[in-house]
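Data block below; observations after.
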Amino acid sequence: MTEQNPAAENDVEAVEAKAKAELLRLRGSIDNIDAAIVHMLAERFKCTQEVGRLKAEHRLPPADPARERDQIERLRELAVNARLDPAFAEKFLNFIIAEVIRHHETIARS
């Protein structure tokens with residue numbers, strides 16, 4: 001017959017409680033960051049919508065490959081400095097650029 005050690009069980013429970021509290025704290029931070037990202041993207045797209053209207057008004061092409069290359073290069077450098085994978089940053093920006101171009105094409109057709 002094995003004896004249970006109440007002190008050891010309390011230690012385990014205390015560690016688990018601390019881990020759960022830390023997990024909740026970290027997840028709260030992640031939720032706040034996600035909200036900030038959404039708001040920043042909304043602001044960015046407001047600006048790019050204005051760019052799209054300006055381009056349409058002056059019959060400029062929806063895409064600007066030179067600008068896109070410069071932005072990708074700049075973002076990759078920022079990512080390196082922030083210790084973020086530059087390939088991930090580039091994929092993220094390419095996704096945004098594709099959506100912006102789609103918006104610009106829609107604006108140009110209207």
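Every number here is computed from the coordinates shown, using simple stated rules; none is lab data. Since the structure is predicted, the reported quantities are computational estimates derived from the model, not experimental observations. Ideal geometry is used to build each Cβ from the backbone, glycine not excepted, and the neighbour counts take in all protein chains shown.
Condition check: assigned to a helix (DSSP H, G or I), at negative phi and loosely packed, with under 11 Cβ neighbours inside 10 Å. Does A66 satisfy that? It is true that A66 is assigned to a helix (DSSP H, G or I), at negative phi and loosely packed, with under 11 Cβ neighbours inside 10 Å. Taken as a whole, segment 48-56 holds at least one residue that is surrounded by fewer than 14 Cβ atoms within 10 Å (Cβ to Cβ) and not charged (D, E, K, R).
Can you tell which of V15, V38 is over 30 Å from R109 (Cα atoms) and assigned to a helix (DSSP H, G or I)? Walk me through it before giving the result.
Details: V38 fails: over 30 Å from R109 (Cα atoms).
Result: V15 is the single residue among V15, V38 that is over 30 Å from R109 (Cα atoms) and assigned to a helix (DSSP H, G or I).
Kindly evaluate L60 against the criterion of being free of Cβ contacts under 8 Å to residues at least 24 places away in the same chain, part of a helix (DSSP H, G or I) and among the hydrophobic types (A, V, I, L, M, F, W, C). For L60, the condition - free of Cβ contacts under 8 Å to residues at least 24 places away in the same chain, part of a helix (DSSP H, G or I) and among the hydrophobic types (A, V, I, L, M, F, W, C) - is not met.
When segment 1-30 is limited to residues that are of a type in the set (D, E) and surrounded by 10 or more Cβ atoms within 10 Å (Cβ to Cβ), the one that is nearest to the chain's Cα centre (by Cα) turns out to be E22.
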